[in-house]
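The structure under discussion appears below in the form of structure tokens.
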Amino acid sequence: MQAVVLAAGKGTRLRPLTEDKPKVLVEVNDKPLIEDVFDNLLEIGVDELIVVVGYMKEKIIERYGDSYEGVPITYTHQREQLGLAHAILQAEPHVEDDFVLMLGDNVFRGNLGDVINRQQEERADAAFLVEEVPYEEASRYGVCDTNEYGEIVEVVEKPDEPPSNLVMTGFYTFTPAIFHACHLVQPSDRGEYELPDAIDLLIQSGRTIDAIRMDGWRVDVGYPEDRDRAAQRLQEMDAPMPAE
């Protein structure tokens, strides 16, 4: 399976960590964020990486070249950061079939393989890893509403009044139908082409999207304190168990 990794962002909220590098090369425990993403993807069987680059793209390309641990990398350039739906479209010429989409600035330790398995059942047109957050935090994310079968029936980007506390995590699988939906999306109030709007178009067209609840944890590294929190979680995982 191919994976599209979104790695074009500047990371302005991560400054000063991003003054001399793109966001995805910020290190957590001496490993760049994007490298942690690559390792997760290889672990679940991805055999081709398509990396959407933009800000300081040459630093990513120089570091990783045309492969990572033997898995080929194709780079595609997002000239302007106009939202996730716009970023995904930059990968369209390189995607052949169902694919994984993963944000390049998240640290995951969880059941990513369950999402791949659900996609390969061919019942779902897409599957997302989702997690529950406190209701007061849900408005920071893309919020999902589901039916009794665990299918996503609505996605709202950063709503003032969230319909649920179930949020998207930055790990998805799609069929190529998502590209058609992204082409139809209109700019939001922020002037960006939003991925939840494209997902909503898929739902309206009768596509089935399954929500897979996270078994594990993830940290969205948006601020310097998030990097510290991710590092602490990883260190806790690596700490030896106390002797009984």
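Before moving on, here are some points about what is shown:
- Of all accessible heavy-atom area on the chain, the percent that carbon and sulfur account for (1.4 Å): 42 percent
- When the chain is treated as a Gaussian network with alpha carbon springs shorter than 10 Å, the biggest mean-square fluctuation among THR76, THR173, THR146 belongs to THR146.
- Net charge over other residues, Cβ less than 13 angstrom from the Cβ of ASP197 (K, R count +1; D, E count -1): -4
- Two-site FRET efficiency, GLU27 against GLN232, from Cβ-Cβ distance with R₀ of 22 Å, rounded to 0.05: 0.95
- Selection from ILE116, ALA198, VAL53 lying farthest towards where the dipole of the chain points positive, charges on Cβ: VAL53
- Solvent-accessible area per residue in the range 158-204 equals 45 Å², computed with a 1.4 angstrom probe and all protein chains kept.
- Selected from GLY206, GLY104, GLY222 as most flexible by GNM, with the chain as the system and alpha-carbon contacts under 10 Å: GLY206
- Of TYR172, TYR149, TYR135, the one that fluctuates the most in a GNM where the chain has Cα springs shorter than 10 Å: TYR149
- Calculated [222 nm] ellipticity per residue, helices only, for the chain: -8000 deg cm²/dmol; basis is -39500 (n - 2.57) per DSSP H run with n ≥ 4, divided by all residues, nearest 500.
- Total formal charge among the other residues, if their Cβ is under 15 angstrom from that of THR76, Lys/Arg +1 and Asp/Glu -1: -4
- Antiparallel bridge percentage (DSSP; both residues within the range 1-138; nearest 5): 20 percent
- Burial order of peptide ranges 39-46, 196-203 (average beta-carbon count within 10 Å, highest first): 196-203, 39-46
- Summarising the strand pairing of the chain, around 55 percent of its internal DSSP beta bridges are antiparallel.
- The calculated FRET efficiency for LEU184 paired with SER67, based on their beta-carbon distance and R0 = 51 Å, is about 0.90.
- Once the Cβ-Cβ distance of GLU148 and GLN120 is raised to the sixth power relative to R0 = 22 Å, the FRET efficiency obtained is 0.40.
- In the range 1-105, the trypsin sites (Lys or Arg not before Pro) that fall in loop regions by DSSP, at most 13 other Cβ within 10 Å: ARG79
- Gain on full stretching of the segment that runs from TRP217 to ASP47 - 0.36 nm per residue minus C-alpha separation: 58.8 nm
- Remark: the Cα gyration tensor places the range 101-158 in the oblate category, a/c being 1.5 or greater and a/b not exceeding b/c.
The values are calculated or read from the model by the stated rules, or taken from the named source; none is laboratory data. The structure presented is a predicted model; accordingly, all values stated were derived computationally and were not measured. Virtual Cβ from ideal backbone geometry, glycine too; neighbours counted across all protein chains shown. Calculation scope for accessible area: heavy atoms of the full protein, side chains included, ligands and nucleic acids excluded. Shrake-Rupley method; radii C 1.70, N 1.55, O 1.52, S 1.80 Å.
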